[in-house]
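Written out below as structure tokens is the structure these notes cover.
The values are calculated or read from the model by the stated rules, or taken from the named source; none is laboratory data. Keep in mind the model is a prediction, meaning the values are calculated, not measured. A quick note on method: Cβ atoms are made from the backbone with ideal geometry, for glycine too, and the neighbour counts reach across all protein chains shown. Protein only, heavy atoms only, side chains kept; ligands, DNA and RNA dropped before computing areas. Shrake-Rupley method; radii C 1.70, N 1.55, O 1.52, S 1.80 Å.
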Amino acid sequence: MLVACAPAPEPDVDPGPFTRIEPLELPLEGTSSQPDLVAAPDGHWLLGWVEPADGDDGDDDSERKRHRLRFSLTGEGGEWMPPRTIAEGGNWFLNWADTPHVYALADGTLWAHWLRSTGPGRMDYGIDLVHSGDGGMSWSRPRMVNLVDSPGDHGFTSFWPQADGQLGIAWLDSREKAAAGRTGHDDAHDEDGHGDGAPMMLRAATYSPGRLRPIRMEEWPLDLSTCDCCTTAAAVTDRGPVVVYRGRDAGEIRDTRIVRFEDGAWTRPRDVHRDGWMMPGCPVNGPVVAAHGNTVWVAWYTQAGGVPEVRIARSDDAGDRFWAPVTVAKGPHVLGRATLALAGEHVLVGWMEETDTQRLRLARFDAGLEAPPYKLEVATLDVRGRASGLPKLAVQGDEARIVWTDVVDGRPVLRGARIL
């Protein structure tokens, strides 16, 4: 793993902030993967990851092995605190793209989820949700977000802060396709996929901390036909939370959509942009979103023009309408797997590329997306393909941090960088 400490600027001018890359020391060693990174409301950093349990240093995605979800917070001096375990189990469903999340609300509560196998089939799994009111010293008993007796797959979650200390959560839910007798993903590149047209749906709910386990407050269907296995993302505008995801229509057009919670109800799904990407299977490459006030930025991957491309678009009315998208990166080397964060007067977009090597890249746009971006190479990885997973980017003040998975001696390990 090589971290670029002095990347050549593009273009060759002094670009200002968020252009210097430094290695980020992480509070863990050994086999680890599936990172999540959060800029907590209190100014601390929150990092989560999955690692083998009981000293088992086997394949992190292998079946029937015990794994644990761990986390660390930064302390008052900015140093990482000793890692703690959120949960551990031998019946988890682990996937390179559908990963656990950690989250911090303004009231100090911490939240986390992971995927747990629920049925006889490999693709029968659900979402376990927990919270902590004491900084992660102890955690509630898990509550399953989806219907407990619903077969099939549920996951690809996103979190956001809801009113009155509640957590909002959106997820892809298989209850309709399971009722039609179908389980598994429709990923054209996944040997478990079937692709018979039965719909996956997008649902959302709010939860409050309970004394023993999270309490579900409300639940809604958001979209009745989505991609089976693309990540979702959420942000909060002045008009309410927004959720972005990859839709799916009867003609297998799989473009990015957005919904917003406003005045106690969710809006009808809207296209962020009508790319017109006809894809017979799930591309496992969902959108990401950031928001400030009523300005919303969405970045996503598409091959609508026949060439892989990462695009970004801006809305000035909380997602009702978007300006024409701007190209972040384009070419056969672009893998996508975008990550996005607002950085003051700038927007940062990270993505993966692969030629003879795999690289993590970053583009810094002005908030209006009007000037050409300044691009950096964050790291060159030793891994190829899906083993690098999804990078995660977050910003606190004048510092951005990004984490990703690499492979050393055949084992997944987490790496990180500071962007100053």
Between Thr380 and Glu345, Cβ-based FRET efficiency (R0 25 Å, step 0.05) works out to 0.30
Note: Arg122 to Asp164 extended length (0.36 nm per residue) minus current alpha-carbon separation gives 11.3 nm
The percentage of the accessible area of the chain (probe 1.4 Å, all protein chains present) made up of carbon and sulfur atoms, to the nearest whole number, is 49 percent
As straight-line cross-link partners of Lys65, the qualifying aspartates and glutamates (C-alpha separation under 12 Å, not fewer than 8 residues apart within one chain) are Glu51, Asp54, Asp56, Asp57, Glu88
Cα-based Rg then Dmax for the chain, in Å, read 19.9, 59
Applying the gyration tensor rule to the Cα atoms of the stretch 48-162 (axes a ≥ b ≥ c; rounded if a/c under 1.5, else prolate if a/b exceeds b/c, else oblate), the class is oblate
For Lys375, counting only lysines whose alpha-carbon sits under 27 Å away and dropping same-chain residues fewer than eight positions off, the answer is Lys330, Lys392
Heads up, the stretch 238-332 by the C-alpha gyration tensor (a ≥ b ≥ c square roots of eigenvalues; a/c under 1.5 rounded, else a/b over b/c prolate, else oblate) looks oblate
In deg cm²/dmol, rounded to the nearest 500, the helical mean residue ellipticity at 222 nm of the chain, built from -39500 (n - 2.57) for every DSSP H run of length 4 or more, is 0 deg cm²/dmol
A chain fully extended from Asp316 to Lys330 at 0.36 nm per residue, minus the present Cα-Cα distance, gains in nm 2.5 nm
The simple spin-label model distance between Glu88 and Asp249, using points 7 Å out along Cα→Cβ, in nm, is 5.0 nm
So, with points 7 Å from each Cα along the Cβ direction, the Glu76-Thr357 label distance in nm works out to 4.3 nm
Length-normalised contact order of the chain, Cα under 8 Å, at least 6 apart, in percent, tallies to 14 percent
For His131 the rounded accessible area (nearest 10 Å², probe 1.4 Å, non-protein molecules ignored) is 20 Å²
Other residues with Cβ under 12 Å from the Cβ of Arg213 give, with Lys and Arg +1 and Asp and Glu -1, a net charge of +3
Classified through the alpha carbon gyration tensor (a ≥ b ≥ c as square roots of its eigenvalues; rounded if a/c is under 1.5, else prolate when a/b is larger than b/c, else oblate), the stretch 377-420 comes out prolate
Ordering 22-28, 96-102, 146-152 by per-residue average of other C-beta atoms within 10 angstrom, highest first, gives 96-102, 146-152, 22-28
Site Leu224, offset 7 angstrom along Cα→Cβ, radius 16 Å on amide nitrogen, limited to the stretch 243-265, gives 248-251
Order by accessible surface, 1.4 Å probe, largest leading, for residues Ser138, Ser388 comes to Ser138, Ser388
